[in-house]
Each structure stands twice: as structure tokens, then as C-alpha cells.
């Protein structure tokens, strides 16, 4: 069986963060969050990474990020652009907002290929070693379908402001039944009892997926349906979890879910950075990571 490919969504500029956060150092030796993801992926058995980026920062990304991984795993690039639409669809006038995570994955279909399973993650998420070990385990299982590593909502919040999270419904067999996107979640919305909107132990999708190559056809079907229905909406986004949910609802696919107790962290806001740096120093002190990584 071919080793899985890691597909990293890195085309976003991070508007709330105020810069190209994928290139911002957070580790003690100048590592980015992305460096830790690649390190964890390599030791879990991934031997290829595909970065989805934009053409306007290709040179900087190749020099500052991709070059570090040469010799450790195969590195390839796919590009996301607003005018990458299904054949026959016309780019709507005035569209500025990116089409979303589902579109980013769709843009990488030819580069990733159809010969091996592939994992999908965000470039600015610290997911932890357990997530990559589980993704690699899913990929190695015979006759496996798609899978997702889920996080407890309470372990994914920012101290600095609101976040968006896809809250998952999982049946008794551990299969995903639905992902519902919630925006504007703050810490005050999470807790036992009272007026809290969430208990905190809900499983949420942090875009940590393992897909078999059969998913490409499903994603293409959902993207074409989105374009047919919502192309003219200037702020409509094609979310990857929504595409998965639609396929599940139609009875065409199944996704197994395993929850991790690990804490997700990232730099949603610039004020998150000191906390991320402190957490990484703690993990290094515990022996979870070397310093420097590479």
C-alpha cells in the first residue's frame, strides 16, 4: 500500500491575525506551527506533502518553508485561485473572498493524485503527534473508508476572541452523521449548565481528515453543486466539512471518527502567539519534540 500524502491548506493570509501566519516563527529555534505538523507527519510515516498556496507568495513560501523539508519527504505544490472553477462556470464580477477549504482541496486534486490515501490539515493548526499517528493508522487499514480525528470543543478555543467550529454528530458505531458550522464561539459560550451554548465536550472538526482517493469524485460533485447554486453570492464559502456532510446525508460515503484528548492550539489572533510559544516550550521540556526540529 502506498504511503499517505499530507495535504496542507496554506493559501489563507489570516486576516484576523494580520499577516502571513504560516511563516511566523513560534518555536524556540524559529520553527513555525507548520514545521511541527510536518515533523509529526514524517515520524508517523508520511513521505509526501502537498502545500496548497497562492501564486502571489509562492517564492517566499518555497524559500522559507518548503526548502526546509527537502530530503525529509517529497514536497509538491498546488495553487488555489478564485478563477479555478468547473468548466463552463464564469468568474463572478467583484468576487474577492476565497472560495473556502473545500475549494482549496479541490484545487489540489491533480497534484495529490489518485494512487494513495491523503490527509488534509490546516497550515496554522497544531494538532499534536497523536493526530498524525491516528491518520497514518487509518490509512494503513485494509478496505478503509474516510476518517476524521475530532477534538473536544473546550480544547480548541482561543483566549483572545471568537472562533468558528464545525460541531460533529457521531452515531453509536463511531460514524460521522453531520458537521454543523458554528461561528462566533467564545469561552463564555462553553461550560456546564447556565446559559452556555455548549457543554465543552462536543467533538469538533479541526479539518484533520483522512480520505481515500474515491473522495475526489464526491468533492467534485459537491463543488459543482455549490457553484450551480451559490456562485453569485459574494461571501459564500465552500466548506470541506459541509461537502463531507452532504455526501453522508446522501448515503454515498461514511467517515469514521476518533476523538483525541490532545489540545489543539493555533494563532487565530496575534495575541495567541505567546501562549503557543509557551506550550511548545513545555512540550520540548517534556521530551515530545527536539529543538531544533530539523
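For the reader, a short list of remarks on this structure follows.
- Rounded Å value of the spacing that divides the Cα centres of the stretch 127-168 and the stretch 172-193: 13
- Highest average first, the peptides 46-54, 227-235 ordered by how many other beta carbon atoms sit within 10 Å of their residues are 46-54, 227-235.
- Annotation: extensible slack from residue 43 through residue 252 equals 71.9 nm (criterion: 0.36 nm per residue apart, minus Cα-Cα distance).
- Centroid-to-centroid separation of the stretch 65-82 and the stretch 22-48 [C-alpha atoms, Å]: 12
- Compared with the direct C-alpha span, the chain from residue 76 to residue 169 gains 30.1 nm at full extension, assuming 0.36 nm per residue.
- Most mobile listed residue (87, 181, 110) in the chain, GNM with C-alpha springs under 10 Å: 87
- Fraction of antiparallel bridges per DSSP, the chain only, in percent to nearest 5: 45
- Using a cutoff of 8 angstrom between alpha carbon atoms and counting only pairs six or more residues apart, the relative contact order for the chain works out to 26 percent.
- Ranked by the mean number of other Cβ atoms within 10 Å of their residues, highest first, the peptides 75-85, 116-126 fall in the order 116-126, 75-85.
- Within the listed set 182, 103, 146, the Gaussian network model of the chain (springs between alpha-carbon atoms below 10 Å) gives the highest mean-square fluctuation for 182.
Since every read-out is calculated from the coordinates, none of them should be taken as a lab result. What you see is a predicted model, and the numbers here were worked out from it, not measured in a lab. Because the Cβ atoms are built from the backbone with ideal geometry, glycine has one as well, and the counts that use them run over all protein chains shown.
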